[in-house]
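*Asks:* The structure under discussion is supplied below as structure tokens; questions concerning it will follow.
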Amino acid sequence: MSQRSGQILESNGEDCAANNGPLILLVDDHPLFLDAMQMTIADAFPDHSISVAHRLSAALDLIAKGARFDLLVLDLNLPDVKGVDGLIRVKSMVGETPVIVVSSLSDQPVVDAVKAAGAIGFVPKHSSREQIVAAIGTVLSKGVLEAEAHRPTADASDADSVIERMKTLTPQQGTILHMICTGKMNKQIAFELEIAETTVKAHVTAILRKMHAHSRTHAVSLAQSVRFDSILPE
């Protein structure tokens, strides 16, 4: 496969091992977050190619087949692993290759455990595009992230505050937020709810405003932080 700026490689060992340029591996299973991360990295670091693994086992398989990555961006919660166990297993295979953990689990004990397990840094999933780019840029330039700079604010991580915001959503908005959390895009939501896509967009705008979220990814992170399914309006 030919190299081009911001190239997204097929997730197989042959393509990754044959790649001659700098390469970043994203390990996450949420389509919305992955799409946003791929676009962010491609725009900010056009000389780097991107590979994606949706499970830890897929990431480990790429590494075992000889892929050499300049950076791994890893979620803690994947279909086949939960918590820092996945990070420990990755680090045992990649050695000194830096790993940034990007997760909706952002309590201080989690951050401390991630650093102890060998991650070079931690970035909450609800971080702004600028914060994520700055974190990746720091690591690619051989710097070390300061965990303090990437902790969520008290307001963003306070479950009671998030729940109170969710209570302001209408039942339809609650349903749409739940569908966004499963990775569905506006067109899919409109089809399944039998409403116009413009109506979905209006609801999404209202959801972001009520949730105090700066993006769909941020809204998903907030919803997941309080296990949104348990308070979904009837």
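*Asks:* Out of (1) at pLDDT 60 or above; (2) touching a Pro at 6+ places or on another chain (Cβ under 6 Å), the odd one out for S5 is which?
*Replies:* (1)
*Asks:* Being assigned by TED's automatic domain parsing to the domain that holds V102 and either modelled with pLDDT of 90 or more or closer than 30 Å to G118 by Cα (or both) is the requirement here; does K142 meet it? Reasoning before the result, please.
*Replies:* Numbers: assigned by TED's automatic domain parsing to the domain that holds V102: yes; either modelled with pLDDT of 90 or more or closer than 30 Å to G118 by Cα (or both): yes.
The answer is yes for K142.
*Asks:* Does region 96-103 include one or more residues that are of a type in the set (D, E, K, R), over 30 Å from V204 (Cα atoms) and surrounded by fewer than 20 Cβ atoms within 10 Å (Cβ to Cβ)? Even if it seems obvious, please write down each step before you answer.
*Replies:* Step one: list which residues in region 96-103 are of a type in the set (D, E, K, R), which gives 96.
Remaining after also requiring over 30 Å from V204 (Cα atoms): 96.
The next check asks that each one be surrounded by fewer than 20 Cβ atoms within 10 Å (Cβ to Cβ); those that pass are 96.
Taking every residue of region 96-103 in turn, at least one turns out to be of a type in the set (D, E, K, R), over 30 Å from V204 (Cα atoms) and surrounded by fewer than 20 Cβ atoms within 10 Å (Cβ to Cβ).
*Asks:* Can you find a residue in region 177-189 that is aliphatic (A, V, I, L, M), surrounded by 15 or more Cβ atoms within 10 Å (Cβ to Cβ) and more than 24 Å from M37 (Cβ to Cβ)?
*Replies:* For region 177-189, residues aliphatic (A, V, I, L, M), surrounded by 15 or more Cβ atoms within 10 Å (Cβ to Cβ) and more than 24 Å from M37 (Cβ to Cβ): absent.
*Asks:* If a residue must be closer than 23 Å to S92 by Cα, free of Cβ contacts under 8 Å to residues at least 40 places away in the same chain and within 18 Å of the chain's Cα centre (by Cα), how many such residues does region 116-134 contain?
*Replies:* To start, the set of residues in region 116-134 that are closer than 23 Å to S92 by Cα comprises 116-123.
Next, from what is left, pick out any that are free of Cβ contacts under 8 Å to residues at least 40 places away in the same chain: 116-118, 120-123.
So of that shortlist, the ones also within 18 Å of the chain's Cα centre (by Cα) come out as 120-123.
Counting residues in region 116-134 that are closer than 23 Å to S92 by Cα, free of Cβ contacts under 8 Å to residues at least 40 places away in the same chain and within 18 Å of the chain's Cα centre (by Cα) gives 4.
*Asks:* Additional query: So, in region 117-126, how many residues would count as being hydrophobic (A, V, I, L, M, F, W, C) and either over 21 Å from L34 (Cβ atoms) or part of a loop (DSSP other than H, G, I, E, B) (or both)? Steps first, please.
*Replies:* Filtering region 117-126 for residues hydrophobic (A, V, I, L, M, F, W, C) gives 117, 119-120, 122-123.
From what is left, the residues that are either over 21 Å from L34 (Cβ atoms) or part of a loop (DSSP other than H, G, I, E, B) (or both) are 117, 119-120.
Counting residues in region 117-126 that are hydrophobic (A, V, I, L, M, F, W, C) and either over 21 Å from L34 (Cβ atoms) or part of a loop (DSSP other than H, G, I, E, B) (or both) gives 3.
*Asks:* In region 34-82, how many residues are without any contact (Cβ under 8 Å) to a residue 12 or more places away in the chain and hydrophobic (A, V, I, L, M, F, W, C)?
*Replies:* Residues flagged as without any contact (Cβ under 8 Å) to a residue 12 or more places away in the chain and hydrophobic (A, V, I, L, M, F, W, C) within region 34-82 amount to 1.
The values are calculated or read from the model by the stated rules, or taken from the named source; none is laboratory data. A quick note: this is a predicted structure, and the numbers were derived from the prediction, not measured. Glycine gets a Cβ as well: all are built from the backbone with ideal geometry, and neighbour counts include every protein chain shown.
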